Amino acid sequence: MNVTREDVDALNAVLKVEVAPADYEGKVNDTLNTYRKTAKIPGFRPGHVPLGLIKKQYGKAVLSEELNKVVNESLQKYIVDNELDILGNPIPKEGDFKGDFDKPGDFEFEYEIGLAPEVKVSLSGKNKYDYHKVKIDKKLVDKQIDDLRRRYGKLVSSDEVGASDMVMAQFVELNDDESIKEGGILHSSTISMEFVENKKANKALLGKKVGDKLVVNPEDVSRGGKDTAAMLGVSEDELEGLSDKFQISITEIKGMEMAELNEELYDKLFGEGAVKDEKELRARIKSDLEGMFGNDSDKLLTRAVYEDLLDKTKVELPDSFLKRWIKLSNEKEITEEQIEAEYDGYAKGLKWQLIQGQIFKANEIKLENEEVIAFTKGLLVNNYAQYGMPAPGDDELTQSAMQVLQNKDEANRIYDMLAEQKLTTYFKETVKLNEKEIAYDDFVELASK
């Protein structure tokens, strides 16, 4: 077995694999002899089929399979031994194959490879980035307290419709002249006043009492699409043929009685004795919000650096090779047009992987197994906390983390999360941060871009 490399240019090369009979004959013969022992061919007893007949029937397939194995093994060994940093995998060079399957002897195969480009990332304290933080003011803390009180409150009957009430009503489909449509929709449902954004409809409902009737467009008292369909008890596809006029008869009005700020609520929220009064509640909420928005601030910074590095870091790719490799390696058939349409996005992702890889390599940033397990355990603890459940003991938690990491997709997701966390830490420690405190609504708008 002999593998040689021929460079086409800085990003493309050809690996030539020369295979001699000694590289494959032994295993091919062993396989054919095994077939001979088990083959069931009419006219011959098992184990007594002539080897020539076995070779005639199975020889080419066995030879092809064995050649494929030895060639792939030799390619991978060459790549590892010579520390080649390649993109994708080697792909057969079109039309280049030497050898005769009818008269097996020497074979020669050629494979194209795409070489990873050299990447130089320029990032230091000279690089300055805005670091946006949410201004945690009284208004934001008040809103969070109201949300918590509402979440732990209870629904009570109301005399008339208020701005945040739940309105139970019967919906009846009408004709254009507002007469009841024969065979039309008749369905009881609920309107959440908080989500009625149509000003006219909202105003019409406010102050109404049980027994009152009014005509509305269902889309005006819902969030549209699936929500409108659910409100009327139909599928989303059926909405197109329905009237935009419905009579609603109010059957019940429920208002939210917010939970009182007392020790019972504090214990439910944070555990027994953790918060004792409203002053401590406000301090705790402010601290929690700072932690929550701190993560979002980090993500905004990482996004800004990511976009800047993608724009300013020169990375050339073996585009023609990669497009051919994508086509050959895709499980489903993919057209040239599809590849061209999606290639820019693929190339952008690959470029970022190379940039990130260079940052990790240059700064000796690693994802150690112990760190990955600890990180996974932290995710599990958070999941338990979300459902108000105590986390199990450390041994059980470690075992659960190991089970999660056995799932390839979950493991990749967790590795990506930890890699991004380490990358963000590196950015914060390396670049100059220009801290900017902005209002919550402005922060949300910035994050949504």
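Any read-out appearing in this document is the output of simple, stated calculations on the displayed coordinates, not a laboratory observation. Note that the structure is a prediction, hence the values are computed from the model and not measured. Backbone-built Cβ (ideal geometry, glycine too); neighbour counts: all protein chains shown.
Here are a few things to note about the model shown:
- Residue by residue, segment 293-303 carries 3J(HN,Hα) couplings of 6, x, 4, 5, 4, 4, 5, 5, 5, 4, 5 Hz when phi is fed to the Karplus relation 6.51 cos²θ - 1.76 cosθ + 1.60 (θ = phi - 60°); x denotes Gly or Pro.
- Evaluating kT/(6 pi eta Rh) at 25 °C and 0.890 mPa s, with the Kirkwood radius of segment 275-448 over Cα pairs in the Stokes-Einstein relation, gives 123 µm² s⁻¹.
- Highest mean packing first, where packing is the average number of other Cβ atoms within 10 Å per residue, the peptides 229-235, 51-57 line up as 229-235, 51-57.
- log₁₀ of I(q)/I(0) at q = 0.07, 0.09, 0.11, 0.14 Å⁻¹ - the chain, Debye sum with one point per alpha carbon: -0.71, -0.96, -1.12, -1.35
- Note, ³J(HN,Hα) from phi for segment 59-69, Karplus 6.51, -1.76, 1.60, rounded to Hz, x at Gly and Pro: x, 5, 5, 5, 4, 4, 5, 5, 4, 4, 5
- Annotation: the antiparallel percentage among DSSP beta bridges lying fully within the chain is about 85.
- For segment 154-257, the Rg and Dmax computed from alpha carbons only, in angstrom: 13.1, 40
- Span from the segment 330-348 Cα centroid across to the segment 118-182 one, whole angstrom: 39 Å
- Shape of segment 342-390, Cα gyration tensor, a/c cut at 1.5: oblate
- Proximal aspartates and glutamates relative to Lys422, as straight alpha-carbon distance under 17 Å, when same-chain residues fewer than 8 apart are discounted: Asp296, Asp298, Glu364, Glu368, Glu370, Glu371
- Anchor Lys56: aspartates and glutamates whose Cα lies under 18 Å away (excluding residues fewer than 8 positions away in-chain): Glu25, Asp30, Glu65, Glu66, Asp100, Asp102
- Anchor Lys200: aspartates and glutamates whose Cα lies under 16 Å away (excluding residues fewer than 8 positions away in-chain): Glu219, Asp220, Asp244
- Karplus-based coupling profile of segment 215-228, in residue order and whole Hz: 9, 9, 8, x, 5, 7, 10, 9, 9, x, x, 4, 5, 5, with θ = phi - 60° in 6.51 cos²θ - 1.76 cosθ + 1.60 and x standing for Gly or Pro.
- Added length on full extension, which subtracts the Cα-Cα distance from 0.36 nm per residue, Asp85 to Asn198: 34.8 nm
- Loop-located trypsin sites (Lys or Arg not before Pro) across segment 95-138 with a Cβ neighbour count of 16 or fewer within 10 Å are Lys120, Lys126, Lys135, with loop assigned by DSSP.
- The smallest convex shape that holds all Cα atoms of segment 2-115, its convex hull, gives 114 Å³ per residue.
- In loop segments of segment 346-449 as defined by DSSP, the GluC sites (Glu not before Pro) with at most 15 further C-beta atoms inside 10 Å of their C-beta are Glu364, Glu368.
- Out-of-range pairs (alpha-carbon distance over 24 Å; input Lys77/Lys120; Lys348/Lys449; Lys133/Lys432; Lys312/Lys348; Lys139/Lys436): Lys77/Lys120
- Most mobile listed residue (Tyr58, Tyr346, Tyr266) in the chain, GNM with C-alpha springs under 10 Å: Tyr58
- Entry note, the chain: the mean residue ellipticity at 222 nm calculated from DSSP H runs of n ≥ 4, each adding -39500 (n - 2.57), is -16500 deg cm²/dmol after division by the residues and rounding to the nearest 500.
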